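Trainee: Have a look at the structure that comes next, please.
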Amino acid sequence: MSNSMIEPASELGAAQRSDTGCSYALLIEPAEGAAVARVFGLNARERLERSLASLGLRRIEVDEVRNLCDERVVALSTNHFYDGRLIAALADSTGESLLLLDPSHSAAPTVGIAASASEIECWIPALRTGDGSRAHASGAAARSVLPTELVPAYDAKLRKHAPPFVLPAEVERTSEAEARLFDAAYKGTTDFVTKWIWPLPARVVTGWCAHWGIQPNTVTMLSYLLTLLTLLAFWRGDFGWGLASAWLMTFLDTVDGKLARVTLTSSRLGDVLDHGLDLIHPPLWWIAWAAGLAGAGVLFGPYTVWALVVFCGYIVGRLLEGLFILAFGQEMFTWRTFDSAFRLVIARRNPNLVMLTLATLGGRPDLGLIAVASWTLCCIFIQCVRIAQAALLKWRGQAIRPHVNEATEESSV
């Protein structure tokens with residue numbers, strides 16, 4: 001089979017997509033009946049409907065196919081759960097007909113097809129039964145592909161090695177499908193709290209929210225409320241209550257994004273609310289902590305310098321990250337293994353909260369602020385060094401690209 005990759009789809013409407021890939025989508029029920037397994041509150045068909053809608057594809061029925069002539073159509077079996085990147089890749093494919101196979105089953109059944117409307121009718125029985133041999137025998141031509149031949153194993157959006165998957169929507173495999181879909185919604189390069197502590201409880205709470213129909217934006221708005229409560233508590237010097245509120249907020253901040261991805265309910269508004277909050281609130285918390293240490297009657301008192309360091313240092317650190325993206329076309333923390341490890345502990349919200357929590361438990365919240373400020377300065381220095389090193393390598397003609405992507409390419413040779 002070919003090792004060529006098909007570029008992932010962008011969010012185009014059906015009219016825009018007609019010149020570059022599929023404009024229409026067809027959902028095929030299996031011969032043995034519809035799958036009943038539900039993952040995060042959705043069965044396989046419902047997940048497909050939401051995925052296709054997000055790609056701007058127009059849903060059609062089987063009896064409408066003949067009226068489309070040479071329009072390209074993507075058809076998918078409704079008894080499987082799909083990695084969203086596979087659906088997008090099939091939708092954006094052009095030229096030859098493609099058959100997507102399910103490698104998780106020993107028989108590797110056909111689960112998806114991208115072809116012209118004039119050709120796709122002969123492939124519909126293959127989707128109903130999973131067996132494409134009869135269509136091939138009748139003279140229909142198509143290239144069979146595995147998920148890893150449609151999209152790369154490296155997910156640039158989530159910054160991690162994540163091979164695409166197709167899983168049968170079988171009740172006995174519900175737990176496996178839930179784990180894969182949740183993992184597909186989780187970023188690979190993040191801080192150590194989000195990466196190692198939150199996943200298990202976040203998956204449980206995400207499932208609970210999906211079951212009860214709680215929307216991601218509702219969770220985000222609760223995070224906003226907790227952010228304000230934390231700010232007020234820190235400002236008043238109530239560090240214990242403030243830390244409890246802060247940690248709950250950071251947990252919900254993990255849940256809302258995962259909930260949106262696994263239920264396919266992401267929205268532009270939700271994305272703005274979530275990322276806007278993430279970007280703005282941390283430095284406000286740190287200067288509120290300084291104000292709480294100083295007490296009533298003064299702003300920051302003897303902690304003014306430390307307050308300025310944490311506030312300005314946060315901004316400088318973010319600007320350096322943006323500079324790296326602008327200069328080298330990728331995230332700073334995906335460049336080398338060191339950078340991914342550095343992201344685990346860089347002076348961002350969660351690692352800083354760990355330092356403040358430990359200092360407060362030790363009865364010295366003032367040392368917590370000093371530790372955060374000192375570590376912020378160290379991180380800025382490290383970021384500057386990494387930018388200088390990358391610039392030197394680029395000047396020498398070396399490519400700056402994600403280390404995970406490089407490892408994936410080397411293993412495929």
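Trainee: Would you please name the residue that is nearest to Q215 (Cα to Cα), looking only at residues in the stretch 33-70 that are modelled with pLDDT of 90 or more and small (G, A, S)?
Mentor: G41
Trainee: R17: modelled with pLDDT under 75 and over 19 Å from R66 (Cα atoms), yes or no?
Mentor: Criteria met by R17.
Trainee: While we're here: Of F300, F328, which residue is farther than 30 Å from R38 by Cα and more than 23 Å from the chain's Cα centre (by Cα)?
Mentor: Answer to the selection: F300.
Trainee: Within the stretch 287-314, can you find the residues that are in contact with a helix residue (DSSP H, G or I) (Cβ under 7 Å, 6 or more places away or on another chain) and within 18 Å of Q383 (Cβ to Cβ)?
Mentor: Once the filter is applied, which keeps residues that are in contact with a helix residue (DSSP H, G or I) (Cβ under 7 Å, 6 or more places away or on another chain) and within 18 Å of Q383 (Cβ to Cβ), the stretch 287-314 yields V309, V310, F311, G313, Y314.
Trainee: Can you pull out every residue in the stretch 367-394 that is in contact with a Leu (Cβ under 8 Å, 6 or more places away or on another chain) and surrounded by fewer than 16 Cβ atoms within 10 Å (Cβ to Cβ)?
Mentor: Once the filter is applied, which keeps residues that are in contact with a Leu (Cβ under 8 Å, 6 or more places away or on another chain) and surrounded by fewer than 16 Cβ atoms within 10 Å (Cβ to Cβ), the stretch 367-394 yields only C384.
Trainee: Also, quick follow-up: What number of residues within the stretch 233-269 are within 30 Å of L55 (Cβ to Cβ), in contact (Cβ under 8 Å) with a residue 40 or more places away in the chain and surrounded by fewer than 21 Cβ atoms within 10 Å (Cβ to Cβ)?
Mentor: Total meeting the criteria: 6.
Trainee: Additional query: Could you tell me whether A107 is over 26 Å from the mean Cα position of the chain (by Cα) and either surrounded by fewer than 24 Cβ atoms within 10 Å (Cβ to Cβ) or in contact (Cβ under 8 Å) with a residue 24 or more places away in the chain (or both)?
Mentor: yes
Trainee: Of the conditions (1) within 19 Å of the chain's Cα centre (by Cα); (2) surrounded by 15 or more Cβ atoms within 10 Å (Cβ to Cβ), P168 fails just one. Which one is it?
Mentor: Going through (1) within 19 Å of the chain's Cα centre (by Cα); (2) surrounded by 15 or more Cβ atoms within 10 Å (Cβ to Cβ) one by one, P168 breaks only (1).
Trainee: Could you list, in sequence order, the residues of the stretch 65-87 that are of a type in the set (G, A, S) and surrounded by 24 or more Cβ atoms within 10 Å (Cβ to Cβ)?
Mentor: Listed by number, the residues that qualify are A75, S77.
Trainee: Going by what's in this entry, would S144 be described as of a type in the set (S, T, Y), under 21 Å from G112 (Cβ atoms) and either loosely packed, with under 15 Cβ neighbours inside 10 Å or not assigned by TED's automatic domain parsing to the domain that holds R343 (or both)?
Mentor: So S144 passes the test.
Trainee: Then there is this: Taking G295 and the conditions (1) in contact with an Asp or Glu (Cβ under 9 Å, 6 or more places away or on another chain); (2) on the phi > 0 side of the Ramachandran plot, which numbered condition does it fall short on, given that it satisfies the others?
Mentor: Going through the list (1) in contact with an Asp or Glu (Cβ under 9 Å, 6 or more places away or on another chain); (2) on the phi > 0 side of the Ramachandran plot, G295 breaks only (1).
Trainee: Please verify whether the stretch 397-409 includes one or more residues that are surrounded by fewer than 18 Cβ atoms within 10 Å (Cβ to Cβ) and more than 29 Å from the chain's Cα centre (by Cα).
Mentor: Scanning the stretch 397-409, I find at least one residue that is surrounded by fewer than 18 Cβ atoms within 10 Å (Cβ to Cβ) and more than 29 Å from the chain's Cα centre (by Cα), so the answer is yes.
Trainee: In addition: If I go through the stretch 265-293 residue by residue, how many of them are among the aliphatic types (A, V, I, L, M) and modelled with pLDDT of 95 or more?
Mentor: 6
Trainee: Let me ask you something else. Taking the stretch 225-252, which residues are of a type in the set (S, T, Y) and more than 12 Å from P282 (Cα to Cα)?
Mentor: S245, the sole residue that qualifies.
The values are calculated or read from the model by the stated rules, or taken from the named source; none is laboratory data. All values reported here derive from a predicted model rather than from experimental measurement. Glycine also receives a Cβ, built like all others from the backbone with ideal geometry; neighbour counts cover every protein chain displayed.
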